[in-house]
Amino acid sequence: MAVFLAIESSCDETAVAILRGEPGGAAEVLASEVASQIAEHREHGGVVPEIASRSHSLCLGGLVEQALNTAGIGMGDVDVFGATMGPGLASSLLVGSTAAKAMSCVSGKPFVGVNHMEGHLLSPFIGGTEVPPHVGLIVSGGHTLLMKVKGAGDYEKMATTRDDAAGEAFDKVGKMLGLPYPGGPEIEKAAKDGDPKAYDFPRSMMQGGELDFSFSGLKTAVLYTLQKDNNAKIQDIAASFQTAVIEVLVEKTMRAAKLARTDLIGLSGGVSLNKAVRSAFEARCTKEGIGLTIAEGTLCTDNAAMIAFAGLLRFFAGKTDGLGGDINPNLSL
Ligand code: KG4
Ligand code: ZN
């Protein structure tokens, strides 16, 4: 049994979580606190790195205290500390990782550095401590990744995006439509009242057996439509755009699952919070007799429970890190 306290500060959410797990048994989230900075960045239309790191530094202390209170434990009950080491904004990663290292140093407990993408990838399986073989699709603001997962810590990259990430495309199209940052949830809202067939936007790189993604052509098609058609209904564009993204995500994930000869798909990352995305995957997986595990709602967008979970599994595998380890803004899986 081990109690893991993790800090996530790679972008614009400051998060602290406490997870208690037993090797081969359950992993219980005792606390998962998230302080979102969205309001602070909104007036700038995107994340401002200096505002982000200052904000992390200001709210981290209170958030650690809050997490310990929620979990009903004291700092002395924590067995391992961990933090996100990348990918992300350097100045933001430094705040969280330095704080976690400091707690580890003072308490004499081990420190585990965690890859943010591994956190997302394993998030559908929080609850147990086993990660079954599957194909994982991570759809976040910075990444669109298809990974063949043999088990915790054993991954093979199957596909990535050649240009924009799916979430990034949602955010950029949201901006074009004059919607507030971040565009993803706003487009989902607008799409509910729109016609998904109003515009036939391109589904890129669907030919042959191509697995990689590309969303920049789709983004440009939306831009041209807006320039050409002054009367375009935002709701119709949002619905048509969202449908195009979903079709590509579902189709390529199915291809990857067939190629990897797996009958289980894991879905994670901010975009997987989108209800239309979730139900499209559910419908297709049911039709094809493939299992689907989607990260729980609060664990789709950035949080520290997923970092604690990935860190705990690394710890159970005997992996800890020295305090001299550096962050890496471009860390890959
Ligand atoms: O995983 P995440 O919180 O952060 C990264 O690691 O990037 O993902 C954030 C992304 C943003 O691009 C945001 O617009 C998108 O997830 N997102 C959504 C929804 N909620 C968040 N995209 C589509 N529909 C949503 N409901
Ligand atoms: Zn993320």
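The values are calculated or read from the model by the stated rules, or taken from the named source; none is laboratory data. The shown structure was predicted, so the numbers you read here are calculated from the model rather than taken from an experiment. Here the Cβ is made from the backbone with ideal geometry for all residues, glycine too, and neighbour counts use every protein chain on show. Side chains included, ligands, DNA and RNA excluded: accessible areas come from the protein's heavy atoms. Shrake-Rupley method; radii C 1.70, N 1.55, O 1.52, S 1.80 Å.
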Karplus-derived 3J(HN,Hα), 6.51/-1.76/1.60, for each residue of the stretch 257-274, Hz, glycine and proline x: 5, 5, 4, 7, 6, 10, 10, 9, 10, x, 10, 8, x, x, 5, 6, 6, 4
Binned Cα-Cα distance frequencies in the chain - 20 Å width, integer %: 33, 56, 11, 0
For the stretch 194-333: rounded, prolate or oblate by the Cα gyration tensor [a/c cutoff 1.5]: prolate
Tensor-based shape of the stretch 111-233 (alpha-carbon gyration tensor, a/c under 1.5 rounded, otherwise prolate or oblate): prolate
Percent accessible area from carbon and sulfur atoms, the stretch 193-238, protein chains only, probe 1.4 Å: 46 percent
DSSP bridge pairs, the chain: antiparallel proportion in percent, nearest 5: 60 percent
Cα-centre dipole for the chain with unit charges at Cβ (Lys and Arg positive, Asp and Glu negative), debye to 20: 620 debye
Most to least packed among 55-63, 76-84 [average Cβ atoms within 10 Å]: 76-84, 55-63
Residues whose placed amide H lies under 5 Å from that of Phe213, excluding near-sequence neighbours: Thr160, Thr161, Arg162
Antiparallel DSSP beta bridges within the stretch 134-294, as percent of all bridges there, nearest 5: 55 percent
Estimated dipole of the stretch 134-294 in Debye, rounded to 20 [Cβ of Lys and Arg +1, of Asp and Glu -1, Cα centre]: 200 debye
Residues of the chain: accessible area per residue with a 1.4 Å probe, Å²: 41 Å²
Projected label distance in nm at Asp154 and Ser279, using a 7 Å step from Cα toward the beta-carbon: 3.8 nm
Under the Karplus curve 6.51 cos²θ - 1.76 cosθ + 1.60, θ = phi - 60°, whole-Hz ³J(HN,Hα) for the stretch 62-68, x wherever Gly or Pro sits: x, 5, 5, 4, 4, 5, 5
Accessible-area composition of the stretch 9-80, carbon plus sulfur, in percent [1.4 Å probe]: 48 percent
Aspartates and glutamates whose Cα lies under 15 Å from that of Lys150, excluding same-chain neighbours fewer than 8 positions away: Glu118, Glu130, Asp263
Residue of Ile187, Ile38, Ile307 that the Gaussian network model of the chain assigns the largest fluctuation, springs spanning Cα pairs under 10 Å: Ile38
Built amide H within the under 5 Å cut-off of Ala232, gap 5+: none
Trypsin sites (Lys or Arg not before Pro) within the stretch 168-221, DSSP loop, no more than 10 other Cβ atoms inside 10 Å: Lys197
Of Gln207, Gln235, Gln66, the one that fluctuates the most in a GNM where the chain has Cα springs shorter than 10 Å: Gln207
Which of Pro87, Gly322, Ala198, positive extreme of dipole for the chain (C-beta unit charges): Ala198
